[in-house]
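Input: a single structure, listed below in structure tokens.
The values are calculated or read from the model by the stated rules, or taken from the named source; none is laboratory data. Just so it is clear, the structure is predicted and the values come from calculations on it, not from any experiment. Here the Cβ is made from the backbone with ideal geometry for all residues, glycine too, and neighbour counts use every protein chain on show. Please note that ligands, DNA and RNA were not included when accessible areas were found on the heavy atoms of the full protein model with its side chains. Shrake-Rupley method; radii C 1.70, N 1.55, O 1.52, S 1.80 Å.
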Amino acid sequence: MIMESVLIKNANIVNEGKIMNGDVYIEQGIFKEIAPQISAKSPDVHVFDAEGKYLLPGIIDDQVHFREPGLTHKANIETESRAAVAGGITSFIEMPNTVPQTTTIEKLEEKFDIAAKTSYANYSFMFGGTNDNLEEILKVDPKKVAALKLFLGSSTGNMLVDNPEVLEKIFSSTDLLIAVHCEDEETIREATEKHKAQYGDDIPIELHPVIRSEKACYLSSSKAIELAKKTGARLHVFHLSTAKELELFTNKIPLSKKKITAEVCIHHLWFSDEDYKEKGTFIKWNPAVKSAKDRDALFEGLLNDKLDVIATDHAPHTREEKDNVYTKAPSGGPLVQHALPAMLEFFHRDKISLEKIVEKMCHNPAILFQVEKRGYIKEGYFADAVLVDINAPWTVNKDNIAYKCGWSPFEGTTFRSRITHTFVNGSLVYKNFKFYDVRNAQRLTFER
């Protein structure tokens, strides 16, 4: 049901570095009033008592793979956006390596059309760069598209951009934010062949971070940053996985002034190479989950603001696809439903504050991508919001997993905090493991 007016009472509102107890009034999908106490304007107002709960802005996830079109046996925009709102993610930015790839304006608009009909969460898509589509890149409207995505490490089809001249031309020619996956392809190829010579296809999964190594990550990240500095391009480096890469970034200036930014993903904060023994290929990601030392350094980089945002890199595959020998098991895993509960678990462990979680998952993606009127609980902003019960334990199992692929790397994990309500543009779309068939999601716009 589309809700014309909503009143959330007695919430602990987490916003802009503060927690305030108060009420929030929403009208026609917009935050209209935020105050210590608000009375219902009419008997038609939908009132929610949030006593004891925390109200967060809707999360903006800047990196997901929802697999549509072409790979819909794994996932699609409808199923994964549904899982996202169960995880408090009300806006997502999806990647271009679908089938066909999103490397022409025509294919980009086809994805927008699909999302407009099926998505539970607000949406945008990145446009894909290749070695030969600069003309198409230059047609992209920066006000309507989140960013340009470049794969500087392994990718499907021809999306690996490995021609240095083309790369510099792209960096020099576009005003789009350029988001990059950084791993050096030659380094990875040599390491893979070396280990295949020893083990064949059944390389021990524990060697994944040796093959997709710190060297491969740093070599690629440092080159991308050098090129951004040379050309003046606006660069965002996806999913950092090593302590060494942190030295490439600064925390000396405000985010709004940074030309070069970085993100960290949930799996690189949660898992380490010690977990491969239990989880196997189900925690095989690119870049690889690396050492506990790397994980701890990334968490410190998040807290000291060298790392600007938290994302998921949600990339589902079927259980059958993942349950394969090393060279045949694809990299990636589903995360949108469990990202916020994982971060709230770190809050319970006194590793991060609620205010910092909101900064990195809500405010900063909005700033970094210049998302129009989202990412905050502010009067006049779109009413995307999440209610959280901090003390409501639940265990991840196959019965409450919303992903189409039906599995999670967090299966068996008990989280101490639960997302109880998710509002998208002012309407309730999710409540306590129940979904409402509400499709009032909107295409994200950008203040550029």
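One table, with the values for the structure above:
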| read-out | value |
| --- | --- |
| Members of region 49-107 found to be among the β-branched types (Val, Ile, Thr), open to solvent by less than 20 Å² (accessible area, probe 1.4 Å) and not in a loop (DSSP other than H, G, I, E, B), listed by number | 59, 60, 64, 77, 85, 89, 90, 93 |
| Residues of region 281-298 classified as basic (Lys, Arg) and assigned to a helix (DSSP H, G or I), total | 2 |
| Residue in region 308-315 that is within 23 Å of residue 361 (Cβ to Cβ), in contact (Cβ under 8 Å) with a residue 24 or more places away in the chain, in contact with a helix residue (DSSP H, G or I) (Cβ under 9 Å, 6 or more places away or on another chain) and small (Gly, Ala, Ser) present | yes |
| Contacts under 6 angstrom Cβ, first residue in region 421-444 being without any contact (Cβ under 8 Å) to a residue 60 or more places away in the chain, partner open to solvent by less than 60 Å² (accessible area, probe 1.4 Å) and among the β-branched types (Val, Ile, Thr), 6 or more apart | 432/420 |
| Selected residue (criterion: farthest from residue 271 (Cα to Cα)) from residues of region 187-216 that are under 25 Å from the mean Cα position of the chain (by Cα), among the charged types (D, E, K, R) and part of a helix (DSSP H, G or I) | 215 |
| Of all residues in region 1-48 being in a strand (DSSP E or B) and among the basic types (Lys, Arg), the one that is surrounded by the most Cβ atoms within 10 Å (Cβ to Cβ) | 32 |
| Any hit, region 116-136, residues being β-branched (Val, Ile, Thr), in contact with a strand residue (DSSP E or B) (Cβ under 7 Å, 6 or more places away or on another chain) and either on the phi > 0 side of the Ramachandran plot or outside any helix (DSSP H, G or I) (or both) | no |
| Residue 301 surrounded by fewer than 23 Cβ atoms within 10 Å (Cβ to Cβ) and on the phi > 0 side of the Ramachandran plot | no |
| Long-range neighbours under 6 Å by Cβ, at least six apart or interchain, first residue farther than 12 Å from residue 166 by Cβ and in contact (Cβ under 8 Å) with a residue 60 or more places away in the chain within region 114-135, second open to solvent by 30 Å² or more (accessible area, probe 1.4 Å) and part of a loop (DSSP other than H, G, I, E, B) | 122/442 |
| Residue selected from region 308-352 under the condition among the basic types (Lys, Arg) and in a helix (DSSP H, G or I), by the criterion most open to solvent (accessible area, probe 1.4 Å) | 319 |
| Test result for residue 358, open to solvent by less than 10 Å² (accessible area, probe 1.4 Å), within 16 Å of the chain's Cα centre (by Cα) and not basic (Lys, Arg) | yes |
| Some residue of region 353-364 being touching a residue at least 40 places away in the same chain (Cβ under 8 Å) and in a loop (DSSP other than H, G, I, E, B) | no |
| Residue count, region 255-270 (criterion: outside any helix (DSSP H, G or I), closer than 25 Å to residue 340 by Cβ and open to solvent by 10 Å² or more (accessible area, probe 1.4 Å)) | 1 |
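Okay, residues lined up against (1) open to solvent by less than 20 Å² (accessible area, probe 1.4 Å); (2) more than 25 Å from residue 149 (Cα to Cα); (3) modelled with pLDDT under 95:
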{"residue": "368", "(1), (2), (3)": "yes, no, no"}
{"residue": "372", "(1), (2), (3)": "no, no, no"}
{"residue": "390", "(1), (2), (3)": "yes, yes, no"}
{"residue": "408", "(1), (2), (3)": "yes, yes, no"}
{"residue": "415", "(1), (2), (3)": "yes, yes, no"}
